[in-house]
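Engineer: A single structure is presented below for examination.
Readers should treat all values here as calculations from the given coordinates under stated rules, not as data from a laboratory. This structure is a prediction, so every number in the text was calculated from the model and none was measured. Cβ coordinates were reconstructed from backbone atoms using ideal geometry, including for glycine residues, and neighbour counts include every protein chain displayed.
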Amino acid sequence: MATPPAIIWKDAVERLLRYRELIPRLEVALGKFSRRDSAELIQPVRTTVPLQKYNGFLGLMPAYMENDGVLSTKFVCFYKREDGSTLPATQATVVLLDPEYGNVKAVMDGEVITDMRTAAVSAISAKLLMRPGAEVLAILGTGRQALSHYNVFTEMFSFKEVRVWSRTKEKAERFRDSVSGPVTACVSVEEAVRGADAIVTVTRCTEPVLFGQWVKAGAHVAAVGACRPNWRELDDVLMKEAVVYADSREGAMAESGDIVLSGAEVFAELGDVINGTKPAHREKTTVFKSLGMGVQDAVSAKLVFDQWKAGHSQL
Ligand SMILES: NC(=O)c1ccc[n+]([C@@H]2O[C@H](COP(=O)([O-])OP(=O)(O)OC[C@H]3O[C@@H](n4cnc5c(N)ncnc54)[C@H](O)[C@@H]3O)[C@@H](O)[C@H]2O)c1
Ligand SMILES: O=C(O)[C@@H]1CCCCN1
């Protein structure tokens, strides 16, 4: 008989998940995904159920990695919150199953996984697409994703300056004061992004906030918010000028307002660049449109579970 599932709370996930172990596993998974070999990996575009009354969606994100023996699904609720709302933008749980028996092996907090794997994939996009010698990083938004992106970008790269923007100066200053390294709190998006080599957009906005006219030629943009086909973070000018990469082409075509409404073409997936089947246009302005994929959660959940098991077998 199957043993009862492990319940792994947020503080344990926080303790067990490390970027240095997560990033190489995500790179392998992105490459596998882009090979579209269903004997290796199956990950449909997520199913979304509207929660009309609450202006939100439930996303169901299954993934199966046959050779790795990993079967999982994430349940994530995400919302278009009103300005000033203190309710969370996303809440998530990851369920890990045994692919042979079908029983649940673990139920774990998905918020830390969502924060970290999203930031890690953006960092992979910067590793592949950002110009060498990048000096200035700008982060638009000061919420959970802003913090995880700040953490991994400053861990992986040596920026001389980090700027953040939020809709109020107080929020930008609060973010600046909450992190250990030097950060400039900006009062306008333009001030934050002018001359920046890397720009991370992690807002809950549904209209463009980043305009191409302010973006330095050759900059790399990791666009993480705006995950519905009628939501935007970037304007048409930027979308049309940039070489656009995505995590999943199908996901981007189904869910990204920045792509669907601008008519921009997805040039490649990150996995194509990792596999060497599409070039990394570092010399050009690049946009990585992140929507998030179930396989990123699967890889993260396996890592958490393996470490959790190793810790418990020593008790
Ligand atoms: N691509 C992915 O894989 C992925 C994963 C998780 C979250 N997300 C998306 O990333 C975004 C940020 O998520 P989070 O967890 O950091 O949320 P959060 O609520 O913690 O932070 C959101 C930030 O956006 C700001 N904001 C809210 N409304 C805004 C508006 N109209 N204009 C400008 N700024 C606004 C808030 O002040 C805050 O700084 C959300 O859109 C979320 O859906 C994407
Ligand atoms: O992949 C994810 O986990 C997120 C959840 C929120 C909406 C965008 N995608």
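Engineer: Test of understanding: ordering Ser290, Ser180 by Cβ neighbours within 10 Å, fewest first, what list do you get?
Structural biologist: Starting with the residue having the fewest Cβ neighbours, the order is Ser180, Ser290.
Engineer: Take the cross-link list Lys10/Lys309; Lys74/Lys278; Lys169/Lys216; Lys80/Lys216 and give me the ones stretching past 18 Å between alpha-carbons.
Structural biologist: Lys74/Lys278; Lys169/Lys216; Lys80/Lys216
Engineer: What Kirkwood Rh does the range 6-129 have if only Cα atoms enter the pairwise 1/r average? Answer in Å.
Structural biologist: After inverting the pairwise mean of 1/r, the radius is 16.0 Å.
Engineer: Jot down the radius of gyration and Dmax of the chain, Cα atoms only, both in angstrom.
Structural biologist: 18.8, 62
Engineer: Right, another one. Arg131's amide H: which non-local residues (gap 5+, or another chain) put their own amide H closer than 5 Å, with H modeled 1.01 Å from N in plane and none for Pro or chain starts?
Structural biologist: His220
Engineer: Of all alpha-carbon pairs in the range 164-226, indicate the percentage at a distance above 18 angstrom.
Structural biologist: That fraction is 37 percent.
Engineer: Using only C-alpha atoms and all pairs of different ones, pull out the Kirkwood radius for the range 43-116 in Å with one decimal.
Structural biologist: 13.5
Engineer: Moving to a separate point now. Running a GNM on the chain with Cα contacts under 10 Å, which residue among Ala246, Ala219, Ala12 ends up with the highest mean-square fluctuation?
Structural biologist: Maximum among the listed residues: Ala12.
Engineer: Report for the chain the percent antiparallel among DSSP-assigned beta bridges with both residues inside it, nearest 5.
Structural biologist: Counting DSSP beta bridges with both partners in the chain, the antiparallel share is about 50 percent.
Engineer: Something else now. Arrange the following residues from fewest to most other Cβ atoms within 10 Å of their Cβ: Thr93, Thr201.
Structural biologist: Working: Thr93 15, Thr201 30.
Least to most surrounded, the residues fall as Thr93, Thr201.
Engineer: So, in Å, what gap is there between the alpha-carbon centers of the range 239-315 and the range 125-186?
Structural biologist: Centre-to-centre distance over Cα atoms comes out at 20 Å.
Engineer: In units of 2.2 N^0.38 Å, what is the alpha-carbon radius of gyration of the range 227-315?
Structural biologist: Output field value: 1.41.
Engineer: Now a separate question. Say each of Ala254 and Glu241 gets a label point 7 Å from the Cα, pointing the same way as Cα to Cβ; how far apart are those two points in nm?
Structural biologist: Placing both labels 7 Å along Cα→Cβ, they lie 3.2 nm apart.
Engineer: Right, here's the next one. Cα-based Rg of the range 69-205 per 2.2 N^0.38 Å, rounded to two decimals?
Structural biologist: Against the compact-globule rule of thumb, the ratio is 1.20.
Engineer: Pick out which of Val224, Val104, Val202 has the largest mean-square fluctuation in a Gaussian network model of the chain, springs linking Cα atoms closer than 10 Å.
Structural biologist: Evaluated over the chain, the most mobile residue of the options is Val104.
Engineer: Could you run the Debye sum over the Cα atoms of the range 166-315, one equal point scatterer each and no solvent, and tell me log10 of I(q)/I(0) at q = 0.08 Å⁻¹, two decimals?
Structural biologist: Per q value, in the given order, log10 I(q)/I(0) is -0.29.
Engineer: Follow-up. Out of all DSSP beta bridges in the range 183-279, what portion is antiparallel? Express it as a percent rounded to 5.
Structural biologist: 0
Engineer: Working out 0.36 nm times the residue gap between Arg36 and Arg20, then minus their Cα-Cα distance, what length gain in nm do you get to one decimal?
Structural biologist: The span from Arg36 to Arg20 would gain 3.1 nm if fully extended.
Engineer: More than 14 angstrom separation, counting every C-alpha pair in the range 2-71; what % is that?
Structural biologist: Across the range 2-71, Cα pairs with separations above 14 Å total 74 percent.
Engineer: Who wins for biggest fluctuation among Asp297, Asp68, Asp197 in a Gaussian network model of the chain, springs between alpha carbons below 10 Å?
Structural biologist: Sorting by GNM fluctuation, first place goes to Asp68.
Engineer: Continuing with this model, one more query. With just the Cα atoms defining each centre, how far is the range 92-106 from the range 10-28? Give it in Å.
Structural biologist: Spelled out, the Cα-based centre of one part sits 19 Å from the other.
Engineer: Suppose R0 equals 22 Å. What FRET efficiency, 1/(1 + (r/R0)^6) with r the Cβ-Cβ distance, do Glu100 and Thr47 give to the nearest 0.05?
Structural biologist: That gives a FRET efficiency of 0.35.
Engineer: Could you size up the charge dipole of the range 174-312 around its Cα centre, putting +1 on the beta carbon of Lys and Arg and -1 on that of Asp and Glu, and report it in debye to the nearest 20?
Structural biologist: Computed about the Cα centre, the dipole is about 280 debye.
Engineer: Putting +1 on Lys and Arg Cβ atoms and -1 on Asp and Glu Cβ atoms, find which of Ala192, Leu238, Gly294 reaches farthest to the positive end of the dipole of the chain.
Structural biologist: Ala192
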